[in-house]
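Enquirer: Please read through the structure below; I'll follow up with questions.
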Amino acid sequence: MATSGNALSAINHIVVLMLENRSFDHMLGFLYADADNVSPAGQAYEGLTGKESNPGSSGAPVSVFQIQAGTTSTYFMPGADPGEGYTATNSQLFASNTAPTPPVAANQGFVSNFAYTLGWETKENDSIVAGTVANDIMGMHTPQTLPVLSALARGFAVCDHWYGSAPTETLPNRAFLHAATSQGHMDDKTKTFTAPTIYSSLSNQNISWKIYGYDAEPLTRQTFTDITNLADTYFGEFADFQADAANGSLPSYTFLEPSWGSKGNSQHPNYDVALGEQFIHDVYYALRNSPSWSQTLLIITYDEHGGCYDHVPPPTNAVPPDNSAGEYGFDFKRFGPRVPTLLISPLIPPGTVFRTAGATPFDHTSILKTVQLRWNVPALTARDAAAPDVSAVLSLATPRTDDPLAGVTVPTSSGANPSANKPSHLQEVYADLVSRLPVPDAAQGTHRSPPKLETGYDYDRYIKERLAAWKASRR
């Protein structure tokens, strides 16, 4: 196998796509079930056997089951948004809202926490697929329902021990990907982070980078004050990414966002997972058809498990990123549950199951570590300094020419979106952030408070209009 330095020297473009709120077992647990959890390359795979279970409401065990293809609920499972955040994750891992000492997880609280969550979501009239019950949290996708993700996982490398950086929800985990710290924050109430990001580190070394939203400017720009006021040329939309890939002008480091609405392709429960399959397909082919394909590493991952079941207890040997006092008394010494992560490059053998040989597992800061190693960029915090990189997966001397997605049909949903045009949580976050932008207003002499927004369409329109006004005021 090639050494880290030699392997990464062949890579000139690292592209990261981070999707939303799905656990490893939920998306890929049955990937190699037909081969007794051994890959074609002969590597052991930490997948599901079908015997895993959680206590149900009556105390009787509820076993994992395969989500069936072709039903109206296939791509909206588990039917509702499971419990998220630190307390809910504790409940799922420890069957208690607080972690025991030592924090040894049994992962036996997923059904009970989903039952609790369904209770309050029903009272709040949240969007829930008709007939959804707590046991549905034990439903897992298969290669038949997720043919794109599964074909890429089988065709390149799947990381079966990649963990969320913190046992909580979206924004803190995304902060770890961009800044190697959430600055002590453990929920989405904090919408902005002031820590230095990987993007400034790259700029300091004259290494190119760009962040692409899907059908709007990326939320990441407004979330990290380190980059908010940089030139507009650092940011784009997915069509820009496709054009840059096609003409060979992608930057050294690229970060991709999905569309955040309930009708979007983020794969957040309970939005349409099939739309995310199409997005993954489109990202892959934009890169595969690029003149730079042979020098590209694509990393597909998910920010957090989103309350979806996983059977592997998260490790407890995480290195705290800094001296930030953690909310809820959390010490940042344990990881979040596993999330699906694929490593895709023509320099990776098919059927690879990739995990670290050392005690420290992969988490989102392993992406930072890989970028830092490739372009000689210093670590941001103690967390990414301690993280393992993924360079050893690039073990082929000659790029492959086969296409693992050849002949794969992207699935489509046959069901009605239960969330219809309701605004998503991250649309609400985004609208709040853009409402704070310093846009001069002739009538008020200051920035305008957000109007009443009701639908996802209202939020998208407001966000775009507000960003356009802000950009115009900066010229």
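Bear in mind that the values in this text are calculations on the coordinates, not laboratory data. Everything numeric here is computed off the predicted structure, so don't read it as measured data. Please note: Cβ atoms are built from the backbone with ideal geometry, for glycine as well, and neighbour counts cover all protein chains shown.
Enquirer: Below 14 angstrom from the Cβ of residue 219, what's the summed charge of the other residues (Lys, Arg +1; Asp, Glu -1)?
Expert: Every neighbour counted, the sum reads -4.
Enquirer: Considering every Cα-Cα pair within the chain, what fraction, in whole percent, is farther apart than 28 Å?
Expert: I get 49 percent for the Cα pairs in the chain exceeding 28 Å.
Enquirer: Taking θ as phi - 60°, what are the ³J(HN,Hα) couplings along the range 400-409 by the Karplus curve (6.51, -1.76, 1.60), each to the nearest whole Hz, with x for Gly and Pro?
Expert: Rounded to whole hertz, the list is 6, 10, 6, 10, x, 8, 4, x, 7, 9.
Enquirer: Now a separate question. Taking the highest mean first, how do the peptides 155-162, 79-86 order by number of other beta carbon atoms within 10 angstrom per residue?
Expert: Most protected by this proxy first, the peptides run 155-162, 79-86.
Enquirer: Which FRET efficiency value, to the nearest 0.05, is calculated for residue 34 and residue 472 with the Förster distance at 45 angstrom and r the Cβ-Cβ distance?
Expert: 0.20
Enquirer: Quick one: order 194, 72 by neighbouring beta-carbon count within 10 Å, fewest to most.
Expert: Going from sparsest to densest Cβ surroundings: 194, 72.
Enquirer: Quick check on the chain: helices-only [θ] at 222 nm, where DSSP H runs of length 4 and up contribute -39,500 (n - 2.57) each and the sum goes over total residues. Nearest 500, please.
Expert: The helix contribution divided over the chain gives -8500 deg cm²/dmol.
Enquirer: What FRET efficiency comes out for the pair residue 285/residue 101, r = Cβ-Cβ distance, R0 = 51 Å, nearest 0.05?
Expert: The value I calculate is 0.55.
Enquirer: Is any residue of the range 6-25 close enough, with backbone N under 18 Å, to a label point placed 7 angstrom from the Cα of residue 240 along the Cα-Cβ axis, and if so, which?
Expert: 14-18
Enquirer: Given points 7 Å out from each Cα along the Cα-Cβ axis, report the residue 401 to residue 455 separation in nanometres with one decimal.
Expert: 5.1 nm
Enquirer: Residue 369: which lysines have alpha carbons under 24 Å from its alpha carbon, excluding same-chain residues fewer than 8 sequence positions away?
Expert: Of all the lysines, those that pass the test against residue 369 - Cα under 24 Å, at least 8 places apart if same chain - are 210, 333.
Enquirer: Among 189/452; 123/452; 123/191; 123/263; 191/263; 263/471, which pairs are too far apart, with a Cα-Cα distance over 25 Å?
Expert: Among 189/452; 123/452; 123/191; 123/263; 191/263; 263/471, the Cα-Cα distance tops 25 Å for 123/191; 263/471.
Enquirer: In a shell of Cβ-Cβ distance under 14 Å around residue 162, excluding residue 162 itself, what net charge do Lys and Arg (+1) and Asp and Glu (-1) give?
Expert: So the environment of residue 162 carries a net charge of -4.
Enquirer: Same structure, new question: If I stretch the segment between residue 247 and residue 65 completely, what's the gain in nm (0.36 nm per residue apart, minus their alpha carbon distance), one decimal?
Expert: Difference between extended and current length: 61.1 nm.
Enquirer: May I pose another question? Would you order 283, 104, 312 from fewest to most other beta-carbon atoms within 10 Å of each residue's own beta-carbon?
Expert: 104, 312, 283
Enquirer: Which percent, to the nearest 5, of DSSP beta bridges fully inside the chain are antiparallel?
Expert: 30 percent
Enquirer: Near residue 377, within a Cβ-to-Cβ distance under 13 Å, what is the net charge of the other residues, with Lys and Arg +1 and Asp and Glu -1?
Expert: Value of the local net charge: 0.
Enquirer: Can you put 140, 186 in order, fewest other beta carbons within 10 Å first?
Expert: Least crowded to most crowded, the residues run 186, 140.
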